[in-house]
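Take a look at the structure set out below.
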Amino acid sequence: MRGDPAGMRVLQPRTIEEALDAFARRPSAVPLAGGTDFMVAWNAGGENGRVILDLSAITSWKRVRVSGRGLRIGALTTHWQLQHEASVKKHLPLLAEACATIGGRQIQTRGTLGGNIANASPAGDTFPPLAVYDAKVRLRSASGRRTLPFIEVFEGVKKTSLGAGELIESIDVDAPRKPTRQLFRKVGTRAASAISKTVAAGLLWTRPDGAIRELRFALGSMAPTVKRLRAVEAFVAGKKPTGEVVEEAAALLEEDVSPIDDFRSTRFYRLEVSRNLLRAFLK
Amino acid sequence: MSSVGESSRRKEGPEKLTGVAKYVDDYHLPNCLQGVTLRSSIARGVIKEIRFDPSYDWDSVVVATAKDIPGENYVYLIEVDQPLLVDREVHHAEEPILVLGHKDRAKAYEALSHIEVEYEPWDPVLTMEEALVGKRILYGDDNVFKRFEISKGDVEQGFKDADVIVSKEYRVPHQEQAYLENNGMAAWEEDDGTLVLMGSIQCPFYVHKAMLPLFAREPEKVRVIQATTGGGFGGKEEYPNMIAGHAALLALKAKRPVKMIYDRHEDMRATTKRHPARVRHRTGVTKDGALVAQDIDVLMDGGAYVTLSPVVLSRGILHASGPYECPNVRIVGRVIATNTPPNGAFRGFGAPQTLFAAELQMEAIASRLKMDPVSLRQTNLFRIGSITATGQTLRESVGAENVLDRVLSRSKFRQKKSQHARWNGSKTKPTWRGIGLATVFHGDGFTGSGEVFLRSRAGIELVHDGTLRIDAASTEIGQGTTSILAQIVADALDVPYDWIDVETPDTSKVPNSGPTVASRTCMVVGGLLHKAAKKLKKALVQAGANWPLTREALATSAARACGKKRSIDFVEQYRKPGDVTWDEETYRGDAYGVYSYAAMVVDLEIDKTTYEVTVRDVITAQDVGKAINPLLVEGQIIGGTAQALGYALLENTVVDDRGVMQNAQLTNYIIPTALDMPTMDVTIVEEPYSKGPFGAKGVGELPMDIPAPAVAAAIYDATGLFMAELPILPERLCQALHDSAQS
Ligand SMILES: Cc1cc2nc3c(=O)[nH]c(=O)nc-3n(C[C@H](O)[C@H](O)[C@H](O)COP(=O)(O)OP(=O)(O)OC[C@H]3O[C@@H](n4cnc5c(N)ncnc54)[C@H](O)[C@@H]3O)c2cc1C
């Protein structure tokens, strides 16, 4: 343990307003949600001396609100809640599936969706579903609110476009019309507590004649941030998924991603498997 | 009243379950400092200067360097080449340079960042191949720490008699022990000048012996106590000598207790791992599958210091020809010096490396001969009267054929194989399925004359109030030592298991029953206690005890037997069985008193989309002589299988350009979780050994030897890919499939 408990300062706001004020005054503070990412860094000594802004009192951010087809997921909702929440299972099943693959049960019951996003790991498993659902992220600070398209929250590895004193308040998603096919697949090579080597989410709508009306496909762990496969999506729109079309689509996958060799996997493997996932989904 | 053969409740189970058990970091030591280690950032070179940041407040920090060592600066093991702290020359990255203590652990780490070391870096040698080229000499005149050769019959003649010759090369990687509790040690000096070490250890007397030259002390002035230990797997066999030296050095300098508790990152980067190896086989067989020549070359990477490498190599080569009889055998083994963190003991101790190669070689041979791999094994398998590579005649307790028969019938091996062939014939199926087999043996106890040199002693104390206490240095590291020793003693005395206490391994209280390693505790130490118990029983009989014995009657006869003394000790010392002979010079004779045997069938499936391997079923039969506690034996088999499935499929030590583990976290060094475990069908086979207590042999390491080759055989069955290098990662399968499609 390299974290220093003696030197730890924790701010414990009781309301949203107190939290936003405190954060405005100390923009260098670290917001603390479930702590599952934070504690890893703390244990390594990486957070010593930082002031901590404990968000646990903001209970109104721990819920999912439904109005019509719109879901507003509070940033402090846990992965465990999201797997079991009826509205999420019904309207955003890929997100529910993703949350069920995060860490193990202990991590799922503490880790939050807001924390997953703010942490901005390239391997965040909820990201591909949120990307294909065209989610929006509502940010809040003492000076007001703004909303960003989900993909635009990420600026790089562990980098977000959140401004000083800004917190994620909710993730807003409109349930899509019923897809013909959908996919979530995490490839992490062990049954629990695995970091994705590649992680995919897909939604597909076909026309009565079998041609593809719309494809949305996103990959995580394949670039510094989550990526929608724009080139593939545009290419297949209006086409029937013949063997040739599928192969051409698979070849286009590389246009939008830039996987690397690292100690978790290889570029070659990540590409091959991602192409296989896309092929299997389109066929 | 019988306890042996029952799954008696673990002695230490309730304490661990309820959190009462204390691990070293749980002890409150008044006025204690937390010790941390400054390690070299380069793999090879010379330290020119160590600079302490003048703007940092060093008052609350105690620093100890090599200059503070009162005795000799080496960590005693087979050789004395490894310093406790680097004085001048660095031989591997992460090598300890100095230790410092602060009462606050985070502050101690912070202080480390205020020390700067200036080096003159030299070009390191990071691989075995590079070391063998000999451009840079690290050890001796050829970078070979140790070379052994085993020779039987006439290999060249054997190859002339062969119809077919099969040559293959195999590679196995580092493996991390990944015990639950990291290495940790506490040290302090008592008022009477006794240096006390307490920690997470397998071998209290190894630590004891290592402290004497370092601190120039008499044996009575050093005391080593085992704290509750969260797993060892060999990782706490020799490394604790190092961390104990560091803790003691700081404690003596600071004149305060010191705790050194590694975090996972440091433990994985700096402490010992399984030796990586390259094994080459050239095998001659007749066309009906009889082995006629085995020529085997074993190369192991020892790392920067000798540590236990010679004995790891020795066990490695003694298992390299597999559980098969062949008239002509040559095995050459070398362990090589490199500038990487030293490798050391790990469950199996060289055998998993060479048995992977030996068993997969059988698959290669079967495939060349177009012969069923089962028949090939059955043709050559050890049986009573077989003669091993060292010329040992197997006289008793040979369960090889028995275990193989059991797994074949329980797994429906042949039926499954043809079902899988049909499944794989269909292009539309999402997976490939395969089934694979392996058979192995494992020598129990120390190699050759090892047990003779150890001269282990263990005893039972009969206290006048009727307390019966086992005194042994054999440690409980999660495997069940205390329980099985108590079961053996209880049965020999014909008293209930609950009546037997077990003393904490503490060098000031127990005799030296040797290290807790080498699958020796049950067979060797259990055997000594069995004898001691018989003598104790005789003494009770003489004191008037009758069976069935009551507690009162025990107390009465104990008081009578003790007379004026508080207690009497019944201590036994190991004696070599008369018919066992071994020649260390020629490597001929009885390499081990007896062997355990195992067979395993692995049934698995490979995802065609992700190349991920899912092991569905493991069917195994293991001959352990006698299961003193069947549940614990099953636990060893299941746990060992898990560890070996990790070795086979997941565990990949990625090393950087300084030879240091890059993925030194459990997040990125992937060991299997409970959810990854297949269903397991375990059959315990008991071919009794006349010299083991109640017929018992060993089981600790055997399960580690066998899963990897069975997995590789199943993958071969599923895909036709002969994966001769571990771990068989999805990345490697993906690449291999790609390459085979190209060619
Ligand atoms: C063993 C283990 C396994 C894991 N497995 C996975 C996995 O499989 N997949 C995966 O994607 N992740 C995994 N993680 C990472 C982690 O659990 C998730 O990212 C989780 O969702 C983080 O949520 P949290 O609430 O715990 O975040 P915290 O640790 O509390 O916070 C994370 C970061 O986000 C910031 N933050 C938190 N909430 C807000 C907010 N509302 N507004 C602004 N900033 C905020 C914090 O300041 C911090 O920088 C794993 C972690 C561990 C330790």
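The values are calculated or read from the model by the stated rules, or taken from the named source; none is laboratory data. Fair warning: this is a prediction, and the values are worked out from it, not measured in the lab. Every residue, glycine among them, receives a Cβ derived from its backbone with ideal geometry; neighbour counts consider all protein chains shown. Surface accessibility is based on the protein's heavy atoms, side chains included, excluding ligands, DNA and RNA. Shrake-Rupley method; radii C 1.70, N 1.55, O 1.52, S 1.80 Å.
Figures for the structure shown
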| quantity | calculated |
| --- | --- |
| The range B:583-604 and the range B:243-268: distance between their alpha carbon centers, rounded to Å | 38 |
| Cβ neighbours within 10 Å from other chains - mean over B:256-265 | 1 |
| Heavy atoms of B:SER740 accessible to a 1.4 Å probe, total area in Å² rounded to 10 | 60 |
| Under 9 Å, Cβ to Cβ, from B:ALA718 - net charge with Lys/Arg +1 and Asp/Glu -1 | -1 |
| Globularity ratio of the range A:5-54, using Cα Rg and 2.2 N^0.38 Å | 1.12 |
| Percent RCO, i.e. relative contact order, over the range A:61-174, from Cα pairs under 8 Å lying at least 6 residues apart | 28 |
| Span-rule helices in chain B, defined as complete DSSP H runs reaching 15 Å or more along the axis (Cα) with Kyte mean at least -1.0 | B:204-215, B:239-254, B:351-369, B:400-411, B:481-493, B:526-542, B:551-562, B:630-649, B:707-719, B:730-742 |
| Which of B:MET211, A:MET39 is most accessible, then next, and so on - probe 1.4 Å | A:MET39, B:MET211 |
| Average partner coverage of B:498-511, which counts Cβ from other chains inside 10 Å | 0 |
| Span-like helix ranges in chain A, DSSP H, alpha carbon extent 18 angstrom or more, Kyte mean at least -0.5 | A:267-282 |
| Derived scalar couplings ³J(HN,Hα) [the range B:89-96; Karplus, 6.51 cos²θ - 1.76 cosθ + 1.60; whole Hz; x for Gly, Pro] | 9, 8, 10, 7, 5, 6, 6, x |
| Per residue accessible area in Å² of the range A:5-54, where ligands, DNA and RNA are left out and the probe is 1.4 Å | 55 |
| Two-decimal Rg/Rh across the range B:164-304, once Rg and the Kirkwood Rh are taken from alpha-carbon atoms | 1.22 |
| P(r) weight above 55 Å for the protein assembly as shown, C-alpha pairs, percent | 21 |
| Shape parameters for the range B:486-586, alpha-carbon atoms, Rg then Dmax in Å | 16.2, 57 |
| Probe 1.4 Å - accessible area at B:TYR305, Å² to nearest ten | 10 |
| In Hz, Karplus ³J(HN,Hα) per residue of the range B:598-605 (6.51, -1.76, 1.60; θ = phi - 60°; x = Gly, Pro) | 8, 10, 8, 10, 10, 10, 9, 9 |
| Relative compactness, the range B:43-107, computed as alpha-carbon Rg over 2.2 N^0.38 Å | 1.28 |
| Between the range B:330-375 and the range B:681-738, the alpha-carbon center distance in angstrom | 11 |
| Amide H contacts under 5 Å for B:ALA304, placed H, 5+ residues apart | B:THR338, B:THR340, B:ASN343 |
| The protein assembly as shown: calculated mean residue ellipticity at 222 nm from DSSP helix runs of at least 4, using -39500 (n - 2.57) | -9000 deg cm²/dmol |
| Heavy atoms of B:TRP582: accessible area, 1.4 Å probe, square angstrom to 10 | 40 |
| Charge dipole (debye, nearest 20) of chain B; +1 at Cβ of Lys and Arg, -1 at Cβ of Asp and Glu | 1640 |
| Dipole of the range B:19-69 [Lys/Arg +1, Asp/Glu -1 at C-beta], most positive-end residue of B:VAL46, B:VAL36, B:ALA64 | B:VAL46 |
| Relative contact order computed over the range A:5-54 (Cα-Cα under 8 Å; 6+ residues apart), in percent | 58 |
| Student exercise, chain A dipole from Lys, Arg, Asp, Glu Cβ charges, in Debye to nearest 20 | 660 |
| Size descriptor, Kirkwood hydrodynamic radius, that averages inverse alpha-carbon separations across the range A:192-267, Å | 13.4 |
| Portion, in percent, of the accessible area of the range A:5-54 that falls on carbon or sulfur, probe 1.4 Å | 52 |
| Summed side-chain charge close to A:ARG216 - residues other than A:ARG216 whose Cβ falls under 9 Å, Lys, Arg +1, Asp, Glu -1 | -2 |
| Surrounding net charge for B:LYS273, when Lys and Arg each add one and Asp and Glu each subtract one, Cβ distance under 11 Å | -2 |
| Low-density loop cleavage sites - trypsin sites (Lys or Arg not before Pro) in the range A:170-208, where at most 16 other Cβ are within 10 Å (DSSP) | A:ARG177 |
| Isotropic mean projected area of the C-alpha convex hull, the range A:61-174 (nm²) | 6.5 |
| Mean-position separation - Cα centroids, the range A:111-135 and the range A:50-93, in angstrom | 13 |
| Contact order normalised by residue count of chain B, Cα under 8 Å, 6+ apart, percent | 16 |
| Residue order for B:GLU585, B:GLU359 - accessible surface, 1.4 angstrom probe, largest first | B:GLU585, B:GLU359 |
| Calculated Rg and Dmax of the range B:417-548 using C-alpha coordinates, Å | 22.9, 79 |
| Heavy-atom SASA rank of A:ASP134, B:ASP681, A:ASP54, B:ASP288 (probe 1.4 Å, accessible area, largest first) | B:ASP288, A:ASP134, B:ASP681, A:ASP54 |
| Shielded residues, the range B:94-138 - accessible-area loss of 10 Å² or more between chain alone and all protein chains, probe 1.4 Å | B:ASP104, B:ARG105, B:ALA106, B:LYS107, B:TYR109 |
| Phi to ³J(HN,Hα) by Karplus 6.51 cos²θ - 1.76 cosθ + 1.60 over the range B:444-456, Hz, x for Gly, Pro | 9, x, 5, 6, x, 8, x, 5, 5, 5, 5, 6, 4 |
| FRET efficiency, 1/(1 + (r/R0)^6) with R0 25 Å, evaluated for B:ILE50 and A:VAL40 via beta carbons | 0.20 |
| GNM result for chain A, Cα springs below 10 Å: residue of A:ILE117, A:ILE195, A:ILE212 fluctuating most strongly | A:ILE212 |
| Cα principal axis extents for chain B, largest first, Å | 76, 74, 50 |
